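Enquirer: Below you will find the structure I want to go over with you.
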Amino acid sequence: MRTLALVRYLVADVARGQRFLPPVLLLLAVLAMLYAGDAGEAPQAYIGSSALLYPVSVWLAIVVAGSEDPVRHAVTVTASGGWARARVGVALAALVWACGAAVLGTLVPVLTQSRPYPAAVVLTGLAANLVCAVAGVGVGLLCARPVVVRAGWTAVAALALTVAAYPLGPVPPVGAVLGALGGRVAPVPALGWSAVIASGLVVAATLAARVIGSRRG
């Protein structure tokens, strides 16, 4: 099974099982509240969506990583050619869902707010949302099977790592993104370094899952 076919299968499997609905419905509900009235000047208006996309993407990554039971996942690992390709497929499928959520979070204020949203502002908001989404995927994969097996510990770890990101100030990736949108730090280097760190989280989580999963069988 090639990687692209594996990603399509995993994305479709999550869609068929409707496991995406709780995090996506949470995203839609909070976005509706955030942008029901005047959300303020852009790009500050994207602070809410970026802050929201981080925990939503953590949840989506956990959903994707746990969409198959251990027996089905063992078959998928064998069909895909081993743990390395299987875990890359899981990470890419999680990124598909999270990046889709990021695009949605970018478009909602453009469609609902009366203030103008120039293209440059929309691109900045999209970049910020994507970085937070990718960071969430990295954290979610670290908290999901096969790294953390028990559902209770997955929930505790995901909640702890999600909450810990907000009080640290402009620390990348999430804090720096929110600081850049709020004008507290320079946007280009903050978004750039945050994107690198967020991508590194996904790579590290994928490698950890590959090593731990292959050892556990």
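Enquirer: From the backbone phi of region 132-137, what are the Karplus-calculated ³J(HN,Hα) couplings (6.51 cos²θ - 1.76 cosθ + 1.60, θ = phi - 60°) in whole Hz, Gly and Pro given as x?
Expert: Here the 3J(HN,Hα) series is 5, 5, 5, 4, x, 4 Hz.
Enquirer: Specify, per residue and in Å³, the volume enclosed by the convex hull of the alpha carbon atoms belonging to region 107-217. Intermediate results must be reported in sequence, preceding the final value.
Expert: On the way: hull volume 13.0 nm³, N = 111.
Per-residue hull volume (Cα only) is 117 Å³.
Enquirer: Work out, in µm²/s and without decimals, the Stokes-Einstein translational diffusion coefficient of the chain at 10 °C, 1.306 mPa s, Rh from Kirkwood over C-alpha pairs.
Expert: Answer from the Stokes-Einstein relation: 91 µm²/s.
Enquirer: Just by accessible area at a 1.4 angstrom probe, what is the order of Leu130, Leu6 from largest to smallest? Mind showing how you got there, number by number?
Expert: Working: Leu130 55, Leu6 0 Å².
Greatest to least solvent exposure: Leu130, Leu6.
Enquirer: Excluding Val63 itself, what net charge comes from residues whose Cβ is under 13 Å from its Cβ, given Lys and Arg +1 and Asp and Glu -1?
Expert: Working: positive: Arg16, Arg19, Arg145; negative: Asp13, Glu68.
Value of the local net charge: +1.
Enquirer: Another question, then. Hey, what number do you get for the chain at 222 nm if only DSSP H runs of n ≥ 4 count, each worth -39500 (n - 2.57), divided across all residues, to the nearest 500? Mind dumping the intermediate values first?
Expert: Details: 9 runs with 167 residues, N = 217.
Roughly -26000 deg cm²/dmol at 222 nm, from the helical runs in the chain.
Enquirer: Short version: ³J(HN,Hα) in whole Hz for each residue of region 91-103, in order, from phi by Karplus 6.51 cos²θ - 1.76 cosθ + 1.60 (θ = phi - 60°), x for Gly and Pro, what are they?
Expert: 4, 5, 5, 5, 5, 4, 5, 5, 5, x, 5, 5, 5
Enquirer: Further, regarding this structure: Computing the accessible area with a 1.4 Å probe over protein heavy atoms, can you report the carbon and sulfur percentage for region 129-217?
Expert: Values: 3160 of 4300 Å².
Carbon and sulfur atoms account for 74 percent of the accessible area of region 129-217.
Enquirer: Right, next: Pairs of Cα atoms under 8 Å, at least six residues apart: use those to get the relative contact order of the chain, whole percent. Provide the component values of the computation, followed by the final result.
Expert: Details: 317 pairs, mean separation 57.9, N = 217.
Answer for the chain is 27 percent.
Enquirer: Compute the relative contact order of region 109-217 as a whole-number percentage, counting only Cα pairs closer than 8 Å that sit 6 or more residues apart in sequence. Show your work: numbers first, answer last.
Expert: Details: 108 pairs, mean separation 37.4, N = 109.
Value for region 109-217: 34 percent.
Enquirer: Now, a different point. With θ set to phi - 60°, apply the Karplus curve 6.51 cos²θ - 1.76 cosθ + 1.60 along region 4-18 and write out the HN-Hα couplings as whole Hz, x wherever there is a Gly or Pro.
Expert: In residue order, the calculated couplings are 4, 5, 5, 4, 4, 4, 5, 4, 5, 5, 5, 5, 4, x, 6 Hz.
Enquirer: Could you tell me whether region 56-182 comes out rounded, prolate or oblate from its Cα gyration tensor? Rule is a ≥ b ≥ c as square roots of the eigenvalues, rounded for a/c under 1.5, then prolate if a/b exceeds b/c, otherwise oblate.
Expert: Values: a/c = 2.74, a/b = 1.76, b/c = 1.56.
Prolate.
Enquirer: With every protein chain kept in place and ligands, DNA and RNA left out, what is the accessible area per residue of the chain? Probe 1.4 Å, answer in Å².
Expert: On the way: 10130 Å² over 217 residues.
Value for the chain: 47 Å² per residue.
Enquirer: Quick check: Cα centre of region 71-132 to Cα centre of region 1-63, how many Å?
Expert: 8 Å
Enquirer: In addition: Top to bottom by accessible area (1.4 Å), largest first, where do Trp193, Trp59, Trp97 land?
Expert: Working: Trp193 170, Trp59 105, Trp97 50 Å².
Result of the area sort, largest leading: Trp193, Trp59, Trp97.
The values are calculated or read from the model by the stated rules, or taken from the named source; none is laboratory data. In this text the structure is predicted, and so the values were computed from the model without any measurement. Methodologically, a virtual Cβ is constructed for each residue, glycine included, from the backbone with ideal geometry; neighbour enumeration extends over all protein chains shown. Note: accessible area is taken over every heavy atom of the protein model, side chains too, but ligands, DNA and RNA are not part of it. Shrake-Rupley method; radii C 1.70, N 1.55, O 1.52, S 1.80 Å.
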